[in-house]
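Each remark here refers to the structure printed beneath this line.
Every read-out reported here was derived from the displayed coordinates using simple, explicitly stated rules and does not represent laboratory data. Everything quoted here is computed from the prediction, not taken from an experiment. A quick note on method: Cβ atoms are made from the backbone with ideal geometry, for glycine too, and the neighbour counts reach across all protein chains shown.
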Amino acid sequence: MIVLRDGVTREEVIRFYAAYDLRKKKGLPLPTDMDSWPWDDASGLDEKLRENQLKAGVLSAYRTWQLVRFGVEDLLNSAIVNHIFPGAPQALSELASSGKIEDWLPNEEREWWGPIRDGAEPSADWALIARPSVLSERPAKWYLEDGSGRGLALVQRILRFKELDRTAFVYLGSEADKRSSFIASRPELSGRETGLEGLWRRYRDGS
C-alpha cells in the first residue's frame, strides 16, 4: 500500500462518495444543502445520508481518512459485499483460490466494467472506499465499503493477464469516531487506526 495523502477529512470523502453515487445511480447532483451538513456529528451525518438515499454508517464513522493506492496484495487482502457470491467467503484471496472470480460478470451494466475489463487504469474518480475488517470478514484485512464490483473487476483483470503492477485508488478509514453508532456496535474498530496519524496517536497515548 502506498499512502498518497494523510489526514483526508470526513467531508471530502462523503462529498466524493455522494457525487459518485448520485451521478452513477440516479443522475442527480449533490444535495444543495451540503455546506450546512453537521460535519463533526456522526449521527447527524447519518441522518443526512439517509435523507438522500446514500449509505450511512461507515462514511460518517471515521474522522479522518487516507488516500492510498492498493496493490494486488492489498486488494486480495480485501473483503467484498456478501451478496455478490452468496454463501461464499468474502475475502478476495479466498474467492480467487476457489476460481469464482475468473468468470464473474456484473449483473447489470456499469460504467467502469468495460474500461477495467479492457485494461484501462482506474482513475481517482473511481476510488474505492475501505475500512479495516471486522471478525466476520477475516482473513481479509480491509473491507470494501464502496466499490466491491470495481475491486473485483480489477482483481479479475490482474489475475487473468498477470498484470501484477496494477493499483487502485482507495479512501481508507483512519481515525475512528467513537461517537459513531457504527463504531460503537463494532468496538474492535475503535482502536484500529491506520497511517501516520494512528501511529502517532498510539505512541502519544502509550497504547
_Looking only at region 131-153, count every residue that is over 12 Å from Tyr17 (Cα atoms) and either touching an Asp or Glu at 6+ places or on another chain (Cβ under 9 Å) or among the hydroxyl-bearing types (Ser, Thr, Tyr) (or both) and tell me the total._
12
_All but one of (1) within 21 Å of Glu175 (Cβ to Cβ); (2) touching a helix residue (DSSP H, G or I) at 6+ places or on another chain (Cβ under 6 Å) hold for Ser43; state the number of the condition that does not hold._
(2)
*So how many residues does region 25-38 have that are under 22 Å from the mean Cα position of the chain (by Cα), under 25 Å from Ser180 (Cβ atoms) and either part of a helix (DSSP H, G or I) or of a type in the set (Asp, Glu) (or both)?*
2
*Does Val13 fit the bill of being crowded, with 18+ Cβ neighbours inside 10 Å, closer than 19 Å to Pro132 by Cβ and touching a strand residue (DSSP E or B) at 6+ places or on another chain (Cβ under 9 Å)?*
yes
_Matching option when the condition is farther than 18 Å from Lys100 by Cβ and in contact (Cβ under 8 Å) with a residue 24 or more places away in the chain, among Ser148, Ser123_ = Ser123
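Would you mind finding the one in Ala153, Ala130 that is surrounded by 15 or more Cβ atoms within 10 Å (Cβ to Cβ) and part of a helix (DSSP H, G or I)?
Ala153
Taking the criterion of being within 14 Å of Gly173 (Cβ to Cβ) and charged (D, E, K, R), would at least one residue in region 49-65 satisfy it?
Looking only at region 49-65, we keep the residues that are within 14 Å of Gly173 (Cβ to Cβ), and these are 55, 57-65.
Okay, now just the ones that are also charged (D, E, K, R), so 55, 63.
Yes; the residues of region 49-65 include at least one that is within 14 Å of Gly173 (Cβ to Cβ) and charged (D, E, K, R).
Within region 87-96, identify whether any single residue is surrounded by 21 or more Cβ atoms within 10 Å (Cβ to Cβ) and over 30 Å from Arg10 (Cα atoms), and answer yes or no. Quick ask: steps written out before the conclusion?
We begin by selecting, within region 87-96, every residue surrounded by 21 or more Cβ atoms within 10 Å (Cβ to Cβ); these are 90-92, 95.
Pick out the ones that are also over 30 Å from Arg10 (Cα atoms) and you get 95.
Yes, region 87-96 has at least one match.
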*Restricted to region 15-34, and to residues that are hydrophobic (A, V, I, L, M, F, W, C) and free of Cβ contacts under 8 Å to residues at least 12 places away in the same chain, which residue is farthest from Gly147 (Cα to Cα)?*
Leu28
*Quick one: count up the residues across region 46-74 that are buried (at least 24 other Cβ atoms within 10 Å of the Cβ) and not in a strand (DSSP E or B).*
3
*Among (1) loosely packed, with under 15 Cβ neighbours inside 10 Å; (2) in contact (Cβ under 8 Å) with a residue 24 or more places away in the chain; (3) of a type outside the set (Asp, Glu), which single condition is Trp112 missing?*
(1)
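Among the residues in region 103-111, are any among the polar types (S, T, N, Q) and either under 14 Å from the mean Cα position of the chain (by Cα) or closer than 24 Å to Lys26 by Cβ (or both)?
Looking through region 103-111, at least one residue is among the polar types (S, T, N, Q) and either under 14 Å from the mean Cα position of the chain (by Cα) or closer than 24 Å to Lys26 by Cβ (or both).
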